[in-house]
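A quick write-up on the structure given underneath.
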Amino acid sequence: MSAVEFPSKEWAEIFCKKINENSNYKNAARGWEWPLVFKVTQLPDDLLRKYPSGNIGIKANLSEGQCYGVEFYEDASNATADFILSASFESWMKILRGELNPVTAILQGKLKLEKGSMTTLMRYTTAAVELVKSAQEASK
């Protein structure tokens with residue numbers, strides 16, 4: 001199976017499918033009922049040519065451990081959700097490669113919560129780790 005480019009609409013759709021196949025996420029995300037936007041900034045030159053805004057967004061419609069679809073934004077400034085997480089392309093890649101834990105990334109300021117409650121987010125750290133596992137699966 002060939003890897004689908006991150007970030008892309010195709011990758012986002014595979015990510016949603018992988019979330020729905022992840023029973024650990026389903027259990028850990030009980031009670032979570034908010035869409036989440038992942039912003040990707042500081043794109044490398046090849047992606048910047050493809051997405052001139054330099055600010056891509058992937059919105060996952062998440063509720064009770066399920067993904068009910070994704071939206072891909074070539075310009076994330078148009079993306080809205082109750083929770084918005086933003087990081088550079090390089091930080092997202094480190095998270096996807098398993099080199100950076102998402103909770104650590106937030107604490108180090110490499111992953112920023114642009115919108116939403118940090119208190120709520122921190123109640124779902126296990127779910128966040130499982131989301132990353134689904135994202136890693138989508139990247140294989």
- Among residues of region 64-80 being within 14 Å of TRP34 (Cβ to Cβ) and at pLDDT below 95, the residue most open to solvent (accessible area, probe 1.4 Å) is THR80
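Against the definition (modelled with pLDDT of 95 or more, farther than 19 Å from GLY116 by Cβ and in contact with a helix residue (DSSP H, G or I) (Cβ under 9 Å, 6 or more places away or on another chain)), how does ASN61 come out, yes or no?
On the way: modelled with pLDDT of 95 or more: yes; farther than 19 Å from GLY116 by Cβ: no; in contact with a helix residue (DSSP H, G or I) (Cβ under 9 Å, 6 or more places away or on another chain): yes.
Considered against the rule, which asks whether it is modelled with pLDDT of 95 or more, farther than 19 Å from GLY116 by Cβ and in contact with a helix residue (DSSP H, G or I) (Cβ under 9 Å, 6 or more places away or on another chain), ASN61 comes out as no.
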- Within region 75-122, how many residues are more than 14 Å from the chain's Cα centre (by Cα), within 24 Å of GLU137 (Cβ to Cβ) and of a type in the set (D, E, K, R)? 1
- Task: Please go through region 68-100 and pick out each residue that is among the β-branched types (Val, Ile, Thr) and over 14 Å from ALA12 (Cα atoms).
- Result: THR80, ILE84, ILE95
- Message: Pairs needed: first member in region 108-136, of a type in the set (Gly, Ala, Ser); second member anywhere, open to solvent by 70 Å² or more (accessible area, probe 1.4 Å); C-beta distance under 6 Å; at least 6 residues apart or different chains.
- Response: GLY116/ASP82
- Residue count for region 1-51, restricted to those that are open to solvent by less than 90 Å² (accessible area, probe 1.4 Å), part of a loop (DSSP other than H, G, I, E, B) and in contact with a helix residue (DSSP H, G or I) (Cβ under 7 Å, 6 or more places away or on another chain): 8
- Any chance you could count how many residues in region 93-112 are open to solvent by 20 Å² or more (accessible area, probe 1.4 Å) and either touching a Phe, Trp or Tyr at 6+ places or on another chain (Cβ under 7 Å) or outside any loop (DSSP other than H, G, I, E, B) (or both)? 8
- In region 130-140, anything surrounded by 15 or more Cβ atoms within 10 Å (Cβ to Cβ) and either at pLDDT below 90 or among the aromatic types (Phe, Trp, Tyr) (or both) is listed as SER139
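The values are calculated or read from the model by the stated rules, or taken from the named source; none is laboratory data. A quick note: this is a predicted structure, and the numbers were derived from the prediction, not measured. Neighbour counts are summed over all protein chains in view; Cβ atoms, including those assigned to glycine, are modelled from backbone coordinates with ideal geometry. Heads up: the accessible areas ignore ligands, DNA and RNA and are worked out on the full protein's heavy atoms, side chains in. Shrake-Rupley method; radii C 1.70, N 1.55, O 1.52, S 1.80 Å.
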